[in-house]
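Novice: Would you mind keeping the following structure in view while I ask a few things?
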Amino acid sequence: MVTGWFTGEGEEFRLLGTRCSACASVFFPREDAFCRNPGCPGGDLEEVPLSRRGRVWSYTDSRYRPPSPYVSDPELEWRPYALIAVELESERLVVLGQTVPGVTVADLAVGMEVEVVPGVLNEDAETTWTTWHWRPTGVTA
Amino acid sequence: MTGEVAVLGAGMHPWGKWGRGFVEYGTVAARAALADAGVDWRDVGSIVGADTVRGGYPGYVAGATFAKALGWQGARVASVYAACASGAQAVNTARAQILSGLADVVLVVGADAAPKGFFRPAGGDRADDPDWLRFRVLGATNPTYFGLYARRRMAVHGDTLEDFAQVKVKNAALGALNPNARYRKRVTAEQVAASAVVADPLRLLDICATSDGAAALVLSSMEFARRHGTADRVRIRAVSTVTPRYPNTVLDLPDIATDSAVAAEPAADTFRASIARAAYEEAGVGPGDLSLAEVYDLSTSLELQWYEDLGLCGEGEAAKLLREGATALGGRIPVNVSGGLASFGEAVPAQAIAQVCELTWQLRGAAGDRQVAGALVGITANQGLFGHGSSVIAVR
Ligand SMILES: [Zn+2]
């Protein structure tokens, strides 16, 4: 569905962005066409892994089933997932993502440290769609 | 001031869930605005439509769609799409035509028949579309973004759920006074607290609904207005349509991430604040000159954010301003005396036009029970998805 947004497994899992060779701007989701910094003469965009850990900028959840193209089984009872916006210090950007299953808004606070881990977005008989999840550090579930 | 245009007429179709087409709503609003202006449709030199993308193919050519419904008469035509800022861009297009001498009188129309429930992107697999991606990859609906802003305000500024509820209480009380509003019942803080959580920490009554609705304006050159004999006329003095500046560091619809601030320092003010600043600079007024403001309360907490972005108070002081009653009718700077989106709901192409209709009625002293006494200067503010600014300043 989205190619080249993340790589690796377990401890090696990382989000992938791109970095402009001329001005060092980092882009996520990856920007492969042109550097978007208006003050930049334009450089090559090179793939870079993003920081594995960051701090919670804010968080929320989705108590109602989102519409398509989000995929969920209407036969199953809706279980809300939490969303976290995470500040990555060295890249100086904020990345949104779902939490790992089982972590709810009650477990979160602004400023809390979280790390990126591999996750499953949804699956059917033929395909498993993988994604990234944020997990508070120290939680191993 | 040479940059001004006159507001000759304002009209609306009442907002609600009426189950009819957007063309019908827009035509009713247009006819109301023309009647209010005392202008014959055949004397209108240009029509500008704010597009809806949910009405099927006709929505993409809204200007001509409304022109056909009113009766082809050979007017110049334009259609604009800028998401929630479509109405402001339509007003701006009309203003540019008037100021450049291309047209003397312009009809601006926006209307929508909104779907029930969450807004969603157009169909198909479109991984090159950020709006499609945020739904597919994250299930991030509009209310989840409002939830993020609300939680952030609570953490940074100490806003409380009770503060958010009081915005709804205020706006519902004002909407009860507005015959064009969809919701015309007062709401209590207890009712807000008892409504279901949609996106933590926001509840159903913190978030605006989707609605059908329409709004229209008749704008003209100042010279035409003088010939037309409209005394004490309302004038539009500024229309801000600015884009953000790189790096945009506040996570915003529909993006999954912000820009990186590694290579360039963020501007001193945020995108929302820059929208208002551009309008103030163009109009030559400041927050202290305002009699009232109409802002996009897509959520209760977002209304508080606008207080700060408009400069009505300092950063982090919005809840205090609300608690003091400054933004209520009769306060120092009433906000959303129309009842706001809390009372109207979203009818995307019509919203920014409806805000200017409210300013028009307020500046004329014709707003009935919700009249702001002695209103002289009003501002509207919203932003459109994908980086569209929208703010209009009108004066009497
Ligand atoms: Zn660059």
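FYI, it's all coordinate maths here, none of it is from the lab. Source: prediction; values computed, not measured. Cβ placement follows ideal geometry from the backbone for every residue including glycine, while neighbour counts extend to all protein chains displayed.
Novice: Based solely on its DSSP helices, what 222 nm [θ] is calculated for chain B when runs of n ≥ 4 H residues each add -39,500 (n - 2.57) and the sum is averaged over all residues, nearest 500 deg cm²/dmol?
Specialist: Values: 13 runs with 143 residues, N = 396.
Using -39500 (n - 2.57) per qualifying helix, the result is -11000 deg cm²/dmol.
Novice: Count, for each residue of B:119-131, the Cβ atoms from other chains sitting within 10 Å of its Cβ, then give me the mean as a whole number.
Specialist: Working: counts 1, 5, 3, 1, 2, 1, 2, 1, 5, 0, 1, 1, 1.
Per residue, the average neighbour count from other chains is 2.
Novice: Once you place label points 7 Å from the Cα toward the Cβ at residue A:71 and residue A:7, how far apart are they in nm?
Specialist: Simple spin-label model gives 2.5 nm for this pair.
Novice: Quick one: plug the Kirkwood hydrodynamic radius of region B:170-266 (C-alpha pairs) into Stokes-Einstein at 10 °C, 1.306 mPa s, and report D in µm²/s. Mind showing how you got there, number by number?
Specialist: Numbers: Rh = 18.9 Å.
It diffuses with D of about 84 µm²/s by this estimate.
Novice: Now for a separate question. Could you work out the mean count of beta carbons from other protein chains within 10 Å of each residue's beta carbon in B:264-273?
Specialist: Values: counts 8, 1, 1, 0, 0, 0, 0, 0, 0, 0.
Averaged over the peptide's residues, the number is 1.
Novice: Same structure, new question: Take peptide B:30-41, look around each residue's Cβ out to 10 angstrom, count Cβ atoms belonging to other protein chains, and average those counts. If you can, show how the numbers build up before the last one.
Specialist: Numbers: counts 0, 0, 0, 0, 0, 0, 0, 0, 0, 0, 0, 0.
The mean count of partner-chain Cβ atoms within 10 Å per residue comes to 0.
Novice: Could you compute the FRET efficiency for residue A:137 and residue B:184, with r as their C-beta to C-beta distance and R0 at 51 Å, rounded to 0.05? Working shown, then result.
Specialist: Details: r = 50 Å, r/R0 = 0.98.
With a Förster radius of 51 Å, E is 0.55.
Novice: On to the next question. Translational diffusion coefficient, Stokes-Einstein: compute it for chain B using the Kirkwood radius over C-alpha pairs as Rh, at 25 °C and 0.890 mPa s, and state it as an integer in µm² s⁻¹. Before the final figure, lay out the partial values.
Specialist: Details: Rh = 20.8 Å.
The Stokes-Einstein estimate is 118 µm²/s.
Novice: Please list the three semi-axes, largest first and in whole Å, of the ellipsoid equivalent to region B:91-209, using sqrt of 5 times the eigenvalues of its alpha carbon gyration tensor.
Specialist: Working: eigenvalues 202, 125, 48 Å².
Its equivalent ellipsoid spans semi-axes of 32, 25, 15 Å.
Novice: Residue separation times 0.36 nm, minus the C-alpha to C-alpha distance between residue B:76 and residue B:129: what's the value? Present the calculation step by step, with values, prior to reporting the outcome.
Specialist: Working: separation 53, 0.36 × 53 = 19.08 nm, distance 3.26 nm.
Roughly 15.8 nm would be gained on extension.
Novice: Dividing the Cα convex hull volume of region B:271-396 by residue count, how many Å³ per residue is that?
Specialist: 99
Novice: List the chymotrypsin sites (Phe, Trp or Tyr not before Pro) in region A:38-141 that DSSP assigns to loop (not H, G, I, E or B) and whose Cβ has at most 13 other Cβ atoms within 10 Å. Which are they? All intermediate terms of the calculation are to be shown ahead of the outcome.
Specialist: On the way: sites: A:57, A:59, A:64, A:70, A:78, A:81, A:129, A:132, A:134; in loops: A:64, A:70, A:78, A:81.
Hits after loop and neighbour filter: A:78.
Novice: If the viscosity is 0.890 mPa s and the temperature 25 °C, what Stokes-Einstein diffusion coefficient in µm²/s follows for region B:321-369 when Rh is the Kirkwood radius over Cα pairs? Provide the component values of the computation, followed by the final result.
Specialist: Working: Rh = 11.7 Å.
So the translational diffusion coefficient is about 209 µm²/s.
Novice: What are the extents of the Cα atoms of region B:54-104 along their three principal axes, in Å, largest first?
Specialist: Computed over the Cα atoms, the extents are 33, 28, 11 Å.
Novice: Okay, next question. So what does log10 I(q)/I(0) come out to for chain A at q = 0.15 Å⁻¹, using the Debye formula with one equal point on every Cα and no solvent?
Specialist: The Cα Debye sum returns log10 ratios of -0.82.
Novice: Just want to confirm a number: the relative contact order over chain B, from Cα pairs under 8 angstrom separated by 6+ residues, in percent. Don't jump to the answer; show the numbers that get you there.
Specialist: Working: 941 pairs, mean separation 98.9, N = 396.
This gives 25 percent for chain B.
Novice: How many percent of all Cα-Cα pairs in region B:249-301 sit more than 18 Å apart? Let's see the in-between values first.
Specialist: Values: 694 of 1378 pairs.
So the portion of pairs separated by more than 18 Å is 50 percent.
Novice: Also, I was wondering about something else. Hey, for a label at residue B:366 modelled as a point 7 Å past Cα toward Cβ, could you say which residues of region B:16-45 have their backbone N under 13 Å away?
Specialist: B:32-39
Novice: Could you line up B:52, A:130 from fewest to most neighbouring Cβ atoms inside 10 Å? Please report the intermediate quantities before stating the final value.
Specialist: Numbers: B:52 26, A:130 16.
Ranked by crowding around the Cβ, least crowded first: A:130, B:52.
Novice: Also, I was wondering about something else. Could you compute Rg(Cα) / (2.2 N^0.38 Å) for the protein assembly as shown, with N its residue count?
Specialist: On the way: Rg = 23.5 Å, N = 537, 2.2 N^0.38 = 24.0 Å.
Normalised Rg, Cα atoms only: 0.98.
Novice: Want the number for residue B:96 to residue B:122: 0.36 nm per residue separation, take away the alpha-carbon distance, what's left?
Specialist: Values: separation 26, 0.36 × 26 = 9.36 nm, distance 3.12 nm.
The residue B:96-residue B:122 span can extend by a further 6.2 nm.
Novice: Also, quick follow-up: Taking the number of other C-beta atoms within 10 Å as the exposure measure, put B:185, B:116, B:68 in order starting with the fewest. Present the calculation step by step, with values, prior to reporting the outcome.
Specialist: On the way: B:185 11, B:116 7, B:68 14.
Neighbour counts put them in this order, fewest first: B:116, B:185, B:68.
Novice: How much length would be gained if the chain were fully extended between residue A:124 and residue A:36, taking 0.36 nm per residue of separation minus their Cα-Cα distance, in nm to one decimal? Mind dumping the intermediate values first?
Specialist: Details: separation 88, 0.36 × 88 = 31.68 nm, distance 3.71 nm.
Result for the pair: 28.0 nm of gain on full extension.
Novice: Once phi is turned into ³J(HN,Hα) by the Karplus curve 6.51 cos²θ - 1.76 cosθ + 1.60 with θ = phi - 60°, what whole-Hz value does each residue of region B:79-87 show in order, with x for glycine and proline?
Specialist: 10, 10, 10, 8, 6, 5, 8, 4, x
Novice: Ranking B:84, A:23 by Cβ neighbours within 10 Å, fewest first, what do you get? List each step's numbers first, then the result.
Specialist: On the way: B:84 21, A:23 17.
Placing the least packed residue first, the sequence is A:23, B:84.
Novice: Something else about it: Ratio of alpha-carbon Rg to the 2.2 N^0.38 Å globular estimate for region B:236-335, to two decimals, please.
Specialist: Values: Rg = 14.6 Å, N = 100, 2.2 N^0.38 = 12.7 Å.
In units of the globular-protein estimate, region B:236-335 measures up at 1.15.
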